[in-house]
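Taking it in order: structure first as C-alpha cells, then the write-up.
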Amino acid sequence: MNETVKNLVTRKSCNSYKPMHVPKKDIEDIVAAGLNAPSGMNKQTPRFVVVQDEETVAKLSKLNADVGHFPIDPFYGAKDVIVVLAKKEVTYIYDGSLAMGNLMNAAWSMGIDSRWIHRAKEVFESAEGKQLLAEWGITDDVEGIGFCILGYAAEEKEKTEINPGRVFYV
Ligand SMILES: Cc1cc2nc3c(=O)[nH]c(=O)nc-3n(C[C@H](O)[C@H](O)[C@H](O)COP(=O)(O)O)c2cc1C
C-alpha cells in the first residue's frame, strides 16, 4: 500500500479537539486540495470559507445546533472550520462532497484531524446564514454542503469497522 492509500484508509473522524488552532499555512494547503477536487463539467462550483475567528466559529456552531436541536457544540470544540458551499449548477452537490473529502484527507496527511459536520444547507438557508454569506461577499446562488471542522484530537479516535459485502468483482 502506498503512502497516499495508507492515508486514505487510516483517516478517522474526530469528535474531541484540543483547544488550539491549525496554522494558517497548513489550512492553505488543505484548501488547495479542496480547490483541486474534480467537478462536473469543470464548473468548479465549490466555495470555501475558512473560519478561524472564535466568535464566528461559535455563531456557526450555534446555528448548526439550532437546526439539529442539539444541546451540545456540534463542532466538538474545534477552533477552525472550513465551510464548503457550492454554486447551484449541474453536479454541485457531488462537487462539494468531493471537495469535503479532499479537505479531510489532505488534513489527515498532515496529521490534522477533522470531521464532516452536516446541516450546512439548512444553516445557509436561514436568515442569519444568508446574512453571513452577504458579509463574506458571496453573491453566487450557493447551497451549504458541509462544515469541515479541523484540529488535533484530544482523545483517541474511535475505530470504524468497515462493513463486509460492499465490494463486487465482476
Ligand atoms: C455526509 C456526512 C455527514 C456527516 N454529518 C456529521 C454530523 O453532522 N456530525 C458528526 O458528528 N459527524 C458527521 N459525519 C461524520 C460521520 O459520522 C463519520 O464519517 C462516520 O461515523 C464514519 O466514521 P469515519 O469518518 O471515522 O470513518 C458526517 C459524515 C458525512 C460523510
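Here are the numbers for the structure shown:
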{"quantity": "Residue within the range 30-48 that is in a loop (DSSP other than H, G, I, E, B), at pLDDT 95 or above and among the aromatic types (F, W, Y) present", "calculated": "no"}
{"quantity": "Unique residue being among the aliphatic types (A, V, I, L, M), farther than 20 Å from V142 by Cβ and away from the ligand (no atom under 15 Å from the Cβ) when the list is V49, V22", "calculated": "V22"}
{"quantity": "Exclusive hit being within 14 Å of F48 (Cα to Cα), touching a residue at least 40 places away in the same chain (Cβ under 8 Å), among the β-branched types (V, I, T) and within 16 Å of the ligand (Cβ to nearest atom), set I138, I82", "calculated": "I82"}
{"quantity": "Residues of the range 147-170 classified as at positive phi and either within 9 Å of the ligand (Cβ to nearest atom) or surrounded by 10 or more Cβ atoms within 10 Å (Cβ to Cβ) (or both), total", "calculated": "1"}
{"quantity": "Candidates I72, I93, I30, filtered to the one that is of a type outside the set (D, E, K, R), on the phi < 0 side of the Ramachandran plot and over 14 Å from the mean Cα position of the chain (by Cα)", "calculated": "I72"}
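Here's the yes/no breakdown for (1) within 12 Å of the ligand (Cβ to nearest atom); (2) more than 15 Å from A86 (Cβ to Cβ); (3) aromatic (F, W, Y):
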site: G101; (1), (2), (3): yes, no, no
site: S114; (1), (2), (3): yes, yes, no
site: E125; (1), (2), (3): no, no, no
site: Q131; (1), (2), (3): no, yes, no
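The values are calculated or read from the model by the stated rules, or taken from the named source; none is laboratory data. Computed from a prediction, not measured in an experiment: that's the story for all the values here. So basically every Cβ, Gly included, is an ideal-geometry build from the backbone, and we count neighbours across all protein chains shown.
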